[in-house]
1. What would the Debye formula give as log10 I(q)/I(0) at q = 0.14, 0.17 Å⁻¹ for the alpha-carbon point model of chain A, no solvent?
2. Which value, in debye to the nearest 20, gives the size of the charge dipole of segment B:174-381 about its Cα centre, when Lys and Arg are +1 and Asp and Glu are -1 at the Cβ?
3. For helix B:117-137, report the angle its Cα long axis makes with the longest principal axis of the Cα atoms of chain B; keep it between 0 and 90° and round to the nearest 10°.
4. Given the options A:PHE231, A:SER126, A:ILE246, identify the residue whose Cα lies farthest towards the positive end of the charge dipole of segment A:106-253 (+1 on Cβ of Lys, Arg; -1 on Cβ of Asp, Glu).
5. Mind running the shape call on segment A:77-136? Use the C-alpha gyration tensor, a ≥ b ≥ c as the square roots of the eigenvalues: rounded below 1.5 for a/c, prolate if a/b tops b/c, oblate otherwise.
6. In whole Å, what are the Cα extents of segment A:17-98 along the three principal axes, biggest one first?
7. Relative contact order, percent, of chain B when contacts are C-alpha pairs under 8 Å separated by at least 6 residues?
8. Taking 0.36 nm per intervening residue step and subtracting the Cα-Cα distance, what contour gain separates B:TYR33 from B:LYS111 on full extension?
Amino acid sequence: MAEPYLVVEHLTKVYERGHVVALKDVSFEVRKGEFLVIIGLSGSGKSTLLRCINRLIEPTKGRIFIDGVEITKLSPRQMRKFRRRIGMIFQHFNLIKRATVMTNVLTGRLGYNPTWKTLLGIFPRSDRELALRNLERVGLLEKAYVRADELSGGQQQRVGIARALMQEPELLLADEPVSALDPATSHSVMQYIEQMNQEDGVTVLASLHFLSLARRYGTRIIALKDGELVFDGAPEEIDDRKFKEIYGEEAEEVEIR
Amino acid sequence: MAVKPSAAIDAARLRRRLFALFLDWLTWGYVAYAVMYFLQEYWWSRTLYGFYNPLTLPGWGWPAAVLGTLAMAALCELTGYSLGERALKLERREERPLSREELLTGKAAGKPFWRTQWGVMSILLLALTVALGWHVVKISPEALLNPSERAREMLGEIFPPDFRYFFTPDPAFELRGFPYSILNLMVVTVFMALLATVLGAAVALPLSFFGARNIMGVSPAGWFVYGIVRGFFNVFRSIETMLWAVVFAIWIRWGSPLAGIMALTVHTIAALGKLYSEQVEGIDPGPVEAVVAAGGSRLEVIRYAVLPQVVPSFWAFTLYRWDINVRMSTVIALVGGGGIGDMLFYYKNEGEWALLGAVMATIVAVVWAMDYLSGRLRERIV
Ligand SMILES: Nc1ncnc2c1ncn2[C@@H]1O[C@H](COP(=O)(O)OP(=O)(O)OP(=O)(O)O)[C@@H](O)[C@H]1O
Ligand SMILES: [Mg+2]
């Protein structure tokens with residue numbers, strides 16, 4: 001595989017409000033099937049980077065290619081269609097709290113169905129079957145018709161994963177998927193993401209707060225500091241010196257098991 | 001990340017302090033005006049008819065008043081935490097270490113508000129405003145204690161109310177050629193309120209999305225529509241239902257229930273539209289993000305991410321509006337809107353106090369019952 005799957009070229013994002021430069025000329029490439037972990041302090045631009053890749057946030061400058069398509073050039077309409085191929089999971093799960101787990105999971109199929117049908121709440125039988133299979137996969141089959149806000153945090157994130165699975169994505173963006181969860185639950189959620197990566201061949205970009213998690217799950221790590229790319233390499237390459245460079249002189253490494 | 005240069009911060013702070021000074025100046029101007037008003041009325045015994053032009057001052061008075069109030073404002077600014085500074089939330093930070101004693105006794109939290117400068121000032125202003133209002137409106141409490149002859153007569157006859165025409169129509173009272181009983185007309189009135197609420201909510205619901213910043217604020221065209229819709233809500237809401245009733249009574253026909261329904265509906269659309277849009281603007285943006293990320297269209301965002309979050313409060317607001325409409329519909333006949341009010345004002349004009357009592361009792365009972373009903377429904381939903 002010579003062709004990189006995802007190419008980010010000279011990406012810059014400036015938030016007009018507050019004149020914050022959240023990303024400064026960031027460039028990197030990701031190959032198909034990689035599990036890329038993004039680390040960096042709070043405010044270093046991790047969320048901004050991930051949201052530029054599916055254009056939830058419009059980049060100020062730079063180009064992004066996915067599978068040879070320059071997505072920064074796509075019209076809003078084309079982009080909407082392209083987003084079917086990019087799954088996303090969120091730090092705070094972003095579920096529709098007052099709706100059932102089933103409805104939440106089915107929203108992963110919105111991009112595949114005509115709007116007039118989805119507005120009436122009609123999804124094809126095949127979609128519903130897929131939803132049940134994905135719920136089974138994350139171990140929540142019996143919760144299908146429970147309201148989403150009645151689930152625990154870990155369960156909610158698994159619903160988020162099932163929703164992303166519904167898109168049958170090639171690329172998964174995970175923005176701090178486990179930072180609202182306890183250590184044990186974190187690992188179970190990370191393992192579902194790892195499974196997507198290894199069994200379904202989904203390329204994963206995940207931002208993580210704990211270096212130990214990054215080392216355990218990532219095949220490659222990039223680090224951001226004040227919006228700049230300060231590290232790009234294998235997990236083992238991050239030694240004490242590198243660590244201090246990314247997180248600052250006073251930082252101590254914390255283990256999470 | 002860019003840090004703002006401190007010069008810009010200082011300039012902004014200076015501007016805000018000047019504005020605070022200006023507010024204090026206005027406040028003192030108001031105090032000075034009130035003092036002059038009382039001086040003229042009591043000590044110089046001039047009868048004052050208006051409140052804006054009768055103050056007579058000697059030639060040097062005006063510059064003295066202007067400079068004097070300005071001096072007072074400046075004094076406030078310099079000596080304590082003035083009202084203007086408080087209103088602009090300008091903090092006056094004293095960077096000094098707190099002693100353990102201060103922390104223990106709670107002195108570190110600052111003085112209670114009635115002992116701070118701005119607290120004293122606002123209490124003074126409130127008292128002054130009430131006193132001034134009392135004199136400008138020329139309230140005489142004696143009138144309240146000695147009711148007129150007619151009132152005595154009315155109170156005597158209104159109890160017990162006469163329910164003779166509750167079921168059977170009063171032959172003397174006729175609306176557009178039809179006789180009406182109290183019950184008949186009350187049913188008409190309740191339906192007026194119901195129709196207006198349902199129609200109003202049905203129009204306000206879709207409109208409210210066009211009036212929500214987070215839905216429309218994506219393109220210049222979106223902002224334009226947002227501005228128009230919000231403007232419509234604000235203008236139409238500020239025209240009271242009673243005024244709308246006048247408009248529609250002339251347009252359609254005096255005393256037609258349709259005029260009342262239209263008036264209630266228009267005001268309901270504007271009022272509910274504004275409340276609904278504010279709810280839409282207050283949603284958690286997370287689910288919106290998720291639906292967009294999954295390739296959802298704008299309509300799908302509304303259907304799956306926005307509606308589920310706002311439906312409970314939409315219901316609550318609609319029920320609340322229903323209460324208002326029921327109460328409004330009972331008096332809207334005063335300006336030609338039709339309904340039970342026609343009967344109310346007919347008996348009032350005829351001096352049929354016992355019959356009037358029956359109408360009023362019915363209105364109270366129905367309004368209370370509807371209030372209770374919607375209250376219970378609201379409890380269920382929220
Ligand atoms: N909508 C916005 N408007 C203005 N500034 C923003 C906005 N979103 C983020 N920022 C700023 O951009 C910078 C990068 O934010 P971002 O959320 O990407 O950081 P992060 O690495 O994800 O941090 P965290 O770990 O806290 O989530 C921050 O300084 C933040 O204040
Ligand atoms: Mg973030």
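1. -0.98, -1.38
2. Charge dipole of segment B:174-381: 260 debye, to the nearest 20.
3. So the inclination is approximately 40 degrees.
4. The one lying farthest along the dipole's positive direction is A:SER126.
5. Note, shape of segment A:77-136 comes out rounded.
6. 40, 31, 31
7. Taking the mean separation of contacting Cα pairs over the length of chain B, I get 16 percent.
8. 25.1 nm
Values in this text are rule-based calculations from the coordinates and carry no lab data. All values reported here derive from a predicted model rather than from experimental measurement. Don't worry about glycine lacking a Cβ; one is built from the backbone with ideal geometry, like all the others, and counts go over all protein chains shown.
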